[in-house]
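Here the structure is laid out as structure tokens; the discussion comes afterwards.
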Amino acid sequence: MSLAVRSPPFSFDLTTAAQLRAALRTSLDGAEFFGGPLVLVGREVDIPAWSWLGQVCLLRSDWLPAVAAAMHDALHHGTELERQALVDALANEPATVRLLPWTAGWARMFGDVTGTRSGTGWGGSSTAPRLDHVLANHERYAEAWVRQPHDVLWRLRPVALATRDHLRNLLERTARTGRGPETPLGDHGWDWLAQQVAYVPWIADALGELLPWALHGEPAHGYAALDYLLMGQDAWRWRDLVRQWRSHPPNWAATPTKVKPKGWGRKARQTQDNSLKTWADLALRFETLHGRQAPPVMDLPLP
């Protein structure tokens with residue numbers, strides 16, 4: 001297994017681009033009932049049928065070519081309903097901006113293809129977003145993320161994030177407080193990293209250099225790092241690092257999972273599982289959940 005999609009109401013285990021393409025078709029099985037490319041989540045909430053692609057694009061950079069190939073096939077050889085679903089996915093899921101290396105040219109031939117809804121304001125219409133307008137919005141969104149100087153909000157004030165030292169400073173702050181800079185009252189300590197890693201190339205590289213520092217440093221730093229790793233974002237990058245850490249863990253790794261660092265409002269992911277006894281077990285759970293990640297078999301042509 002190389003890609004596990006768990007996005008209600010769907011559950012897919014995929015290894016190839018063609019399987020992903022088939023999953024897109026399956027996602028539209030209820031479209032006739034809804035009168036459009038939608039699925040029901042819960043009793044009353046309907047969402048775009050291909051929304052789960054946003055999760056894939058955010059958390060698995062190795063699968064971006066497969067997503068692009070499957071969407072390209074849907075655009076060129078699919079039904080009108082599939083084209084609507086494609087535009088809806090691009091108009092509603094910001095993480096699909098990561099597909100721009102493949103999608104940017106689609107506007108020339110299919111620019112007037114429309115979707116059925118836009119929850120981001122992209123596409124020039126909330127009820128009939130156009131593909132060319134959506135892709136123009138994607139380009140502006142991507143440019144905004146990499147523009148220098150790059151800032152994030154910390155307690156309503158902008159904090160520079162333009163260098164490796166800036167990143168380390170923010171990692172330290174958010175590890176100690178257990179809160180992200182843009183949502184200081186809420187999420188897990190390093191959840192804010194997911195978008196930064198996805199949209200700002202140098203941050204992913206710098207994080208790779210800083211993870212060993214965090215995992216072998218202060219307990220709060222290591223706890224934040226383990227919690228972030230359990231999110232599974234590009235977990236294939238960190239398998240060897242985690243295995244090495246598990247063979248020579250620091251003393252704080254024996255801390256019981258019922259204990260969280262001072263300042264943290266929430267416990268790390270997976271700690272509600274009673275089979276996990278210590279912080280070191282979080283690393284074992286990471287390998288169990290995400291250790292089999294692998295790039296897709298590319299059995300569809302790239303756009």
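Since every read-out is calculated from the coordinates, none of them should be taken as a lab result. As the structure is a prediction and not an experimental result, all values here were calculated from the model. Ideal geometry is used to build each Cβ from the backbone, glycine not excepted, and the neighbour counts take in all protein chains shown.
Give me log10 I(q)/I(0) at q = 0.16 Å⁻¹ for the chain, Debye formula, one equal scatterer per alpha-carbon, no solvent.
-1.31
How far apart, in nanometres, would the label points at W213 and F33 be if each is projected 7 angstrom from Cα along the Cα-to-Cβ direction?
The answer from the label model is 5.2 nm.
Only Cα pairs under 8 Å and at least 6 apart count here; give the relative contact order of region 155-290 as a rounded whole percent.
24
Taking the alpha-carbon set of region 155-290, what are its Rg and Dmax in Å?
Over region 155-290's Cα set, Rg and Dmax evaluate to 14.0, 41 Å.
Over region 3-145, how many percent of alpha carbon pairs lie in each 10 Å bin up to the one with the longest distance?
Over region 3-145, the share of Cα pairs per 10 Å bin runs 12, 47, 35, 5 percent.
For the ranges 157-164, 280-287, 197-204, what's the packing order if you count other beta-carbon atoms within 10 Å of each residue, average per peptide, and put the highest first?
Peptide ranking by packing, descending: 280-287, 197-204, 157-164.
Sum up the charges of everything whose Cβ sits under 11 Å from the Cβ of P48, counting Lys and Arg as +1 and Asp and Glu as -1, but leave P48 out. Walk me through the intermediate numbers first.
Numbers: positive: R117; negative: D46, D88, E93.
Spelling it out: positives minus negatives among the neighbours equals -2.
How much length, in nm to one decimal, is gained on full extension between A4 and L153, taken as 0.36 nm per residue of separation minus their Cα-Cα distance?
In short, 50.4 nm is gained.
Report, in whole Å, the centroid distance computed from the Cα atoms of region 129-201 and region 204-272.
So the separation of the two Cα centres works out to 20 Å.
With labels modelled as points extended 7 Å from the Cα through the Cβ direction, what inter-label distance (nm, one decimal) is found for Y141 paired with M298?
Taking the simple label geometry, Y141 and M298 are separated by 2.4 nm.
With runs of 4+ DSSP H residues as the only contributors, calculate the mean residue ellipticity of the chain at 222 nm using -39,500 (n - 2.57) per run, divided by the residue total and rounded to the nearest 500.
Values: 14 runs with 144 residues, N = 303.
Using -39500 (n - 2.57) per qualifying helix, the result is -14000 deg cm²/dmol.
Quick one: net charge around H138, please, counting Lys, Arg +1 and Asp, Glu -1 for every other residue with C-beta under 11 Å from its C-beta.
-2
What relative contact order, as a whole-number percentage, does the chain give when Cα pairs under 8 Å and 6 or more residues apart are counted?
18
Which order do peptides 66-76, 39-49, 96-106 fall in by mean Cβ count within 10 Å, highest first?
Details: 66-76: 22.5, 39-49: 15.1, 96-106: 19.5.
Sorting 66-76, 39-49, 96-106 by mean packing, highest first, produces 66-76, 96-106, 39-49.
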